[in-house]
Amino acid sequence: MGVGAGEEDGGLDMAEEKGNRYRRMDSDLAEEDDGAGAGAESRRQREIKNSNTTQKYVVACALFASLNSVLLGYDVGVMSGAILFMKEDLNLTEVQQEVLVGILSIISLLGSLAGGKTSDAIGRKWTIALAAVVFQSGAAIMSLAPSFTVLMIGRLLAGIGIGFGVMIAPVYIAEISPTIARGRLTSFPEICVNLGILLGYISNYAFSGLPAHISWRVMLGVGILPSVFIGFALFVIPESPRWLVMRNRIDEARLVLAKTNESEREVEMRLSEIQQAARFVNADKYDSKAIWHELLNPTPGVRRMLITGCGIQCFQQITGIDATVYYSPTIFKEAGIKDNTQLLAATVAVGFTKTMLILIAIVLIDKVGRKPLLYVSTIGMTMCLLGLSLTLAFMGNGKLGILLAILWVCGNVAFFSVGIGPVCWVVSSEIFPLRLRAQASALGAVGSRVSSGAVTMSFLSVSRLITVGGTFFVFAVISALSVIFVHKCVPETKGKSLEQIEMLFQDEKKWQGGEVELGDAERLVPKE
């Protein structure tokens, strides 16, 4: 009995201990689950924080890299009003006005051509700095110019600086941006151009009350101020990771990619793609002569890229946007507005519309894609240009004619800003392979500047020959042709890496259809 009772007590003790052990195990497991859950939540919070930090950093880099575009826009906007007072102060002829306005676009092609080689030699970042220095030197000379000759010297320097700036900013942003946000970020230069135009228009209106010999100098001098911010930007923005890979500075490229991408896996994947694309692009094996030889004797794929990139750049300008912006006071005077202050007030409405509408494009470009925006833009511009032509031809010098002219001009710049304005620079900066990107983008920028110069330097003469309304009818016909070009020659590039986009142009059906298989990526670089 005693033994049995002891055994029973022992059994109870063992059962109790076993139960306690199970309870402890359950508790430990629960604590582990809680710990795992807390760890996962902590990781998610860190990932969200890192993602937000990365996005803010990339946006800051894109904004700082786009500051040169503010200078370009300001020059375009301010010259539309300053030329009225220059004409009065320096007794400029009509031809001198055309040359002064249009020469900037022509001369900027020198900056664009030199910009490709310069950016490959000294890097994208320092090319941005060089553009700012050259432009500001020209702006300072213009604001102090005592004669037309000195004014032209400053204009030539400003044009070269602008050529550097318009070529390098989209390239730099495209190379530093993650794929998912590249379209939106590469549109920043166009936003800054529009902001600069608006600031130029506001400056015109604000200083129009000053004496003629002072007002235009103040208008131009204010444009020097952004150089302070560009100097600060150089301490913030990194060098392009793709340029660093081209120079075999792999570790530095990895550090930049770590700041602009959200995960280590994405960093390594992007680095691998860039290295594969850059296999034949290092400084020793692929010099500038070889690049230009390939551009001037292109393969079918490169030829399609050049058609798309240079074609969209030219259509952006030959539809008359710079004539509309530079000569908007002339257009409104033709419609019936006579007072200079009222003319400049009307241009502020144009600048405000142009700036606000581009924000819509930035929101939509990575959601709906490049091509739908181009369709809306080119079709809308065609309608507005035709409406403006008919209004100026048949309804001038009346209140209704003035109102319609302002509405048509605002509509034209609105459709331009929502589509071909920003999308042009996005597409032309992302379609070329790494080994050709800088020089090919420079070639596209040259096409843009030559087209702009041809339009702005001939607008007054052509308008006197066939009337302002007739000139805008020609622009409407060209805009209609741009719709066909977009349909035939511009593929959709939304959501594809720069290396995948290259494959779109290797086959004509893919070029027109805009599709690329991921498996094609391994054929990005030609075999030896």
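The values are calculated or read from the model by the stated rules, or taken from the named source; none is laboratory data. Note that the structure is predicted; figures quoted are calculated from it, not measured. Every residue, glycine among them, receives a Cβ derived from its backbone with ideal geometry; neighbour counts consider all protein chains shown. Note: areas computed on protein heavy atoms with side chains; ligands, DNA, RNA excluded. Shrake-Rupley method; radii C 1.70, N 1.55, O 1.52, S 1.80 Å.
When all C-alpha to C-alpha distances in the stretch 381-507 are sorted into bins of 5 Å, what percent of pairs does each bin hold, rounded to whole numbers?
Answer for the stretch 381-507: a P(r) of 2, 9, 14, 19, 17, 12, 10, 7, 5, 3, 1, 0 percent.
Using label points projected 7 Å from each Cα along Cα→Cβ, tell me how many nm separate ARG303 and VAL228, to one decimal.
5.4
Distance check, please: which entries in LYS125/LYS354; LYS56/LYS367; LYS87/LYS338; LYS125/LYS371; LYS56/LYS125 exceed 25 angstrom between their Cα atoms? Intermediate results must be reported in sequence, preceding the final value.
On the way: LYS125/LYS354 28 Å; LYS56/LYS367 20 Å; LYS87/LYS338 16 Å; LYS125/LYS371 30 Å; LYS56/LYS125 19 Å.
Among LYS125/LYS354; LYS56/LYS367; LYS87/LYS338; LYS125/LYS371; LYS56/LYS125, the Cα-Cα distance tops 25 Å for LYS125/LYS354; LYS125/LYS371.
Based on the Cβ-Cβ distance of LYS338 and HIS487, what FRET efficiency does E = 1/(1 + (r/R0)^6) give at R0 = 45 Å, to the nearest 0.05?
Working: r = 43 Å, r/R0 = 0.95.
Efficiency, rounded to the nearest 0.05: 0.60.
Excluding ligands, DNA and RNA, what is the solvent-accessible area per residue of the stretch 250-401 at a probe of 1.4 Å, expressed in Å²? Show your work: numbers first, answer last.
On the way: 6740 Å² over 152 residues.
Ligands and nucleic acids excluded, the figure is 44 Å² per residue.
Using per-residue counts of other Cβ atoms within 10 Å, averaged over each peptide, order 108-115, 87-94 from highest down.
Answer by packing, highest mean first, reads 108-115, 87-94.
Using only the Cα atoms of the stretch 54-170, what are the Rg and Dmax in Å?
Calculated on Cα positions, Rg and Dmax stand at 15.4, 54 Å.
Between VAL95 and GLN55, 0.36 nm times their residue separation minus their Cα-Cα distance comes to what?
Working: separation 40, 0.36 × 40 = 14.40 nm, distance 4.85 nm.
Extending this stretch completely gives an extra 9.5 nm.
Find out how many positive minus negative residues lie around SER463, taking Lys and Arg as positive, Asp and Glu as negative, among other residues whose Cβ is under 15 Å from that of SER463.
Neighbour charge sum, excluding SER463 itself: -2.
The stretch 139-163 to the stretch 327-401: how many Å between their Cα centroids?
29
With no solvent and one point on each alpha carbon, what is the Debye value of log10 I(q)/I(0) for the stretch 51-104 at q = 0.19, 0.28 Å⁻¹?
-0.70, -1.03
What translational D, rounded to a whole number of µm²/s, comes out for the stretch 95-251 from Stokes-Einstein when the hydrodynamic radius is the Kirkwood one over Cα pairs, at 37 °C and 0.692 mPa s? Mind showing how you got there, number by number?
Details: Rh = 16.9 Å.
Result for D is 195 µm²/s.
Hey, any idea what % of the stretch 50-151's accessible area is carbon plus sulfur with a 1.4 Å probe?
Whole-percent figure for carbon plus sulfur exposure: 68.
When N counts the residues of the stretch 324-462, how does its alpha-carbon radius of gyration compare numerically with 2.2 N^0.38 Å, as a ratio?
For the stretch 324-462, the normalised Cα radius of gyration is 1.18.
From the phi angles alone, apply the Karplus equation (6.51, -1.76, 1.60; θ = phi - 60°) to the stretch 199-208 and give each ³J(HN,Hα) in whole Hz, x where the residue is Gly or Pro.
4, x, 4, 5, 4, 4, 5, 5, 9, 5
Provide the net charge surrounding GLY102, with neighbours chosen by a C-beta distance below 14 Å and charges set as Lys +1, Arg +1, Asp -1, Glu -1.
Residues close to GLY102 contribute a combined charge of -2.
With every protein chain kept in place and ligands, DNA and RNA left out, what is the accessible area per residue of the stretch 140-206? Probe 1.4 Å, answer in Å².
27
Counting Lys +1, Arg +1, Asp -1, Glu -1, what net charge surrounds SER69 among other residues with beta carbon under 15 Å of its beta carbon?
Local net charge: 0.
What's the Kirkwood radius of the stretch 73-119 in Å, using all Cα pairs? Can you show the working numbers first?
Working: mean 1/r = 0.0831 Å⁻¹.
Final number for the Kirkwood radius of the stretch 73-119 is 12.0 Å.
Work out from phi, with θ = phi - 60° and the Karplus expression 6.51 cos²θ - 1.76 cosθ + 1.60, the ³J(HN,Hα) of each residue of the stretch 343-359, listed in order in whole Hz, and give x for Gly and Pro.
Along the stretch 343-359, the couplings run 4, 6, 5, 5, 5, 4, 4, 5, x, 5, 4, 4, 6, 5, 5, 5, 5 Hz.
Using the Karplus curve 6.51 cos²θ - 1.76 cosθ + 1.60 with θ = phi - 60°, work out ³J(HN,Hα) for each residue of the stretch 301-310 in order, rounded to whole Hz, and write x for Gly and Pro.
x, 5, 4, 5, 4, 5, 4, 5, x, 6
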